[in-house]
1. Can residue 80 be described as in contact (Cβ under 8 Å) with a residue 40 or more places away in the chain, surrounded by 12 or more Cβ atoms within 10 Å (Cβ to Cβ) and over 14 Å from residue 50 (Cα atoms)?
2. Check 12, 46 and return the single one that is of a type outside the set (Ser, Thr, Tyr) and touching a Gly at 6+ places or on another chain (Cβ under 8 Å).
3. So, residue 97, is that one touching a helix residue (DSSP H, G or I) at 6+ places or on another chain (Cβ under 6 Å), in contact (Cβ under 8 Å) with a residue 12 or more places away in the chain and part of a strand (DSSP E or B) or not?
4. How do the pairs read when you match residues in segment 1-28 that are under 12 Å from residue 117 (Cβ atoms) with residues anywhere that are modelled with pLDDT of 95 or more and part of a helix (DSSP H, G or I), using Cβ under 6 Å and keeping only pairs 6 or more apart or on different chains?
5. Of the residues 102, 119, 113, only one is charged (D, E, K, R), assigned to a strand (DSSP E or B) and under 21 Å from residue 44 (Cα atoms); which?
6. Could you look through segment 31-60, keep only residues that are in a loop (DSSP other than H, G, I, E, B) and among the charged types (D, E, K, R), and pick out the one that is farthest from residue 19 (Cα to Cα)?
7. Out of (1) in contact with a strand residue (DSSP E or B) (Cβ under 7 Å, 6 or more places away or on another chain); (2) modelled with pLDDT of 95 or more; (3) closer than 16 Å to residue 128 by Cα, what's the single condition that is false for residue 29?
8. Mind checking which residues of segment 104-127 are buried (at least 16 other Cβ atoms within 10 Å of the Cβ) and among the basic types (Lys, Arg)?
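The values are calculated or read from the model by the stated rules, or taken from the named source; none is laboratory data. Quick caveat: nothing in here was measured; it's all calculated off a predicted structure. We place every Cβ from the backbone using ideal geometry, glycine too, and count neighbours over all the protein chains shown.
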Amino acid sequence: MFSREESQRIKHEFWIAFAEAYPRKWLLYDTKIKDFSLKFFVDNKHAEVLIAIENRDEQKRYAYFDKLLSLKSILLEDHLPEAIFERDVYLENKTVSRIWVDKFGVSVNKREDWPAIFDFLAEKMAALEYFFLEFSDYIADIDSASE
């Protein structure tokens, strides 16, 4: 078990090492869609790459999610065959929609896992970014979702 400070230091070192291993600017929050982002996540049990739709307006959140659902076969067949779609994910203070891939059995606390985590994060985020950039105009246009 690590202290809170030690865990924070390890995570900080992890992200610095990841940036050095894969020195590029990731899209992440720069999607041009409010409350719609691509994210990395890693803890002591697994790693994830995800699209998070965090709009508090449920209708807008669902409209974006439905747009992504309409592209599900393309995402699964051409980009991330293992992607999981979840309309409602209940967090402590809000409900979000997510699409993600994960890698279990790795830990940010084990430096020997870092190369595998880095490769997973970089490969899956590159695929997710490519997919998003290809369809970003369509996804962003939720006004036409009801047409």
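1. no
2. So the residue among 12, 46 that is of a type outside the set (Ser, Thr, Tyr) and touching a Gly at 6+ places or on another chain (Cβ under 8 Å) is 46.
3. Criteria met by residue 97.
4. Matching pairs, first to second residue: 18/118; 21/118; 22/122.
5. 102
6. Keep residues of segment 31-60 that are in a loop (DSSP other than H, G, I, E, B), which gives 31-35, 43-45, 54-57.
Then keep just the ones that are among the charged types (D, E, K, R); that gives 32, 34-35, 43, 45, 54, 56-57.
On the way: 32: 23, 34: 25, 35: 24, 43: 17, 45: 21, 54: 26, 56: 31, 57: 34 Å.
Looking at the filtered set, the residue picked out is 57.
7. Failed condition: (2).
8. Correct list: 124 only.
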